[in-house]
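> To start, I am sharing the structure in question, which I have written as C-alpha cells.
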Amino acid sequence: MSNRYSENLAQVTQTVKTFIFGENNSRLDYLIENFYRLNHERRSLIIVSSIISAIVLFVLTIIIYLVGLFSLQNKLSSAYINSNALKEVRPAYVAVQTNFDELENGIKSTNANLPIINLLDQKAKDMGLQISGFPVKPVIAKLPNQNPLAEQFQIVSVDFKLSGVSLKKMMEYINAVEQMPNKLKVSKFRLISITEAKLYFDVLLTVEALMPIEKQNN
C-alpha cells in the first residue's frame, strides 16, 4: 500500500516538475541561458527585484499569519467569555425550569378532568352567594401556538352570574376563586347595578383555567 502511494506521489511530482521546467529541464536551461545573455545591469536588476519580491512575499505571509492568529485569539476569547456567561446564567435557568416543571406538574395533577362549574358553584354556596347562569358545559379553547404550555394544556372557561352582591362580597369571591389550588383566574367581569344607591350588583363573570389535553390512545 505504501509502495503504491510512493509511486503515485513520485508520478505527480515528476508531472509537476516537467510542467514547470519542461522536458529534461529544457525551460530552466532556456531561462538560464537567456539570463546570462543579458548585460550586467539587467542581471543585477533581476536579482535585486527577485530578492525584493521574495522579501515582500515573506512579509505579506507573516502579516496574513499574524492577522489570522489575532482573529483566532479574539474568537477564542469571545467563546471563553460566552462560556463563562452561560455558566453564570445556568443556575438561574435551572431554577426557572424547575419552577416551571413544578407548576406544570401541579396543574396536571389538580386540573385533570377539572369540574370547574362544580367548584365555582360550591365556593359561592360556601360564601352564601346566589349564583346562576352556568352553561351545560365549559368552553374549551386552544392556547396560542407560541405559548410554551400549548402542547400540554388547553383553556377551559365558564360564564356565570352572581346576583345581588356588594362590592366587598364580589371581591371576596374573586379572591377566593383565584386562591384555589386549581389556578383559576377571573379573566373579566361586568357590574350591573340593581339598586339606585348602587350598593348591590349583579355581576357577570368569566373564569378560566388550564386543563391537561387528554392524549388519545392509538
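The values are calculated or read from the model by the stated rules, or taken from the named source; none is laboratory data. These numbers were taken from a predicted model, which means no experiment stands behind them. Methodologically, a virtual Cβ is constructed for each residue, glycine included, from the backbone with ideal geometry; neighbour enumeration extends over all protein chains shown.
> Does Asn182 satisfy the condition of being surrounded by 16 or more Cβ atoms within 10 Å (Cβ to Cβ) and closer than 30 Å to Asp101 by Cβ?
Values: surrounded by 16 or more Cβ atoms within 10 Å (Cβ to Cβ): yes; closer than 30 Å to Asp101 by Cβ: yes.
It is true that Asn182 is surrounded by 16 or more Cβ atoms within 10 Å (Cβ to Cβ) and closer than 30 Å to Asp101 by Cβ.
> Continuing with this model, one more query. Can you list residue pairs whose Cβ atoms sit under 7 Å apart, with the first residue in region 86-110 being closer than 13 Å to Pro181 by Cβ and the second being surrounded by 10 or more Cβ atoms within 10 Å (Cβ to Cβ) and of a type in the set (A, V, I, L, M, F, W, C)? Count only pairs 6 or more apart in sequence or on different chains.
From region 86-110, the pairs are Ile107/Phe153; Ile107/Leu210.
> Can you tell me which residue among Gly22, Gly68 is at pLDDT 80 or above, farther than 30 Å from Ala209 by Cα and either surrounded by 10 or more Cβ atoms within 10 Å (Cβ to Cβ) or not acidic (Asp, Glu) (or both)?
Residue meeting the stated conditions: Gly68.
> Test Ala209 against the criterion of being outside any strand (DSSP E or B) and either touching a helix residue (DSSP H, G or I) at 6+ places or on another chain (Cβ under 7 Å) or free of Cβ contacts under 8 Å to residues at least 12 places away in the same chain (or both), and give yes or no.
When the stated conditions are applied, Ala209 does not pass them.
> Right, here's the next one. How many residues does region 153-178 hold that are assigned to a strand (DSSP E or B) and out of contact with any helix residue (DSSP H, G or I) (no Cβ under 8 Å at 6 or more places or on another chain)? If you could, list the steps in order and put the result at the bottom.
If we filter region 153-178 for residues that are assigned to a strand (DSSP E or B), which is where we start, we get 153-165.
Now drop any that are not out of contact with any helix residue (DSSP H, G or I) (no Cβ under 8 Å at 6 or more places or on another chain), which leaves 154-155, 157, 159, 161, 163-164.
Final tally of qualifying residues: 7.
> Still on this structure: Based on what the data block shows, is Leu162 within 28 Å of Pro144 (Cα to Cα) and at pLDDT 90 or above?
So Leu162 does not fit the description; no.
> Now for a separate question. Residues in region 41-55: is at least one more than 30 Å from Met180 (Cβ to Cβ), loosely packed, with under 10 Cβ neighbours inside 10 Å and modelled with pLDDT of 75 or more?
Yes, because at least one residue in region 41-55 is more than 30 Å from Met180 (Cβ to Cβ), loosely packed, with under 10 Cβ neighbours inside 10 Å and modelled with pLDDT of 75 or more.
> Something else now. Touching a Leu at 6+ places or on another chain (Cβ under 9 Å) and within 19 Å of Pro115 (Cβ to Cβ) - does that describe any residue in region 189-203?
The answer is no, given that none of the residues of region 189-203 is touching a Leu at 6+ places or on another chain (Cβ under 9 Å) and within 19 Å of Pro115 (Cβ to Cβ).
> Sticking with this one: Condition (residue is within 30 Å of Ile192 (Cβ to Cβ) and either surrounded by fewer than 12 Cβ atoms within 10 Å (Cβ to Cβ) or in contact with a strand residue (DSSP E or B) (Cβ under 9 Å, 6 or more places away or on another chain) (or both)) applied to region 82-102: is it met by at least one residue?
Taking every residue of region 82-102 in turn, none turns out to be within 30 Å of Ile192 (Cβ to Cβ) and either surrounded by fewer than 12 Cβ atoms within 10 Å (Cβ to Cβ) or in contact with a strand residue (DSSP E or B) (Cβ under 9 Å, 6 or more places away or on another chain) (or both).
> Scan region 179-206 residue by residue and report those that are assigned to a strand (DSSP E or B), of a type in the set (D, E, K, R) and more than 21 Å from Pro135 (Cβ to Cβ).
Selection gives nothing.
> While we're looking at this one, here's another question. Which of the residues that make up region 117-136 are free of Cβ contacts under 8 Å to residues at least 12 places away in the same chain, over 16 Å from Gly164 (Cα atoms) and either of a type in the set (Phe, Trp, Tyr) or outside any helix (DSSP H, G or I) (or both)?
Once the filter is applied, which keeps residues that are free of Cβ contacts under 8 Å to residues at least 12 places away in the same chain, over 16 Å from Gly164 (Cα atoms) and either of a type in the set (Phe, Trp, Tyr) or outside any helix (DSSP H, G or I) (or both), region 117-136 yields only Val136.
> Let me ask something else. Which pairs turn up if I take residues in region 176-190 that are in contact (Cβ under 8 Å) with a residue 24 or more places away in the chain and within 18 Å of Met127 (Cβ to Cβ) and look for partners that are of a type in the set (D, E, K, R) and surrounded by 13 or more Cβ atoms within 10 Å (Cβ to Cβ) with beta carbon separation below 9 Å, at least 6 apart in sequence or on another chain?
Note: pairs meeting the criteria are Ala176/Lys123; Val177/Lys123; Val177/Lys185; Met180/Lys123; Leu184/Glu178; Leu184/Glu208.
> Regarding Ile107, is this residue touching a strand residue (DSSP E or B) at 6+ places or on another chain (Cβ under 8 Å), assigned to a helix (DSSP H, G or I) and surrounded by 10 or more Cβ atoms within 10 Å (Cβ to Cβ)?
So Ile107 fits the description; yes.
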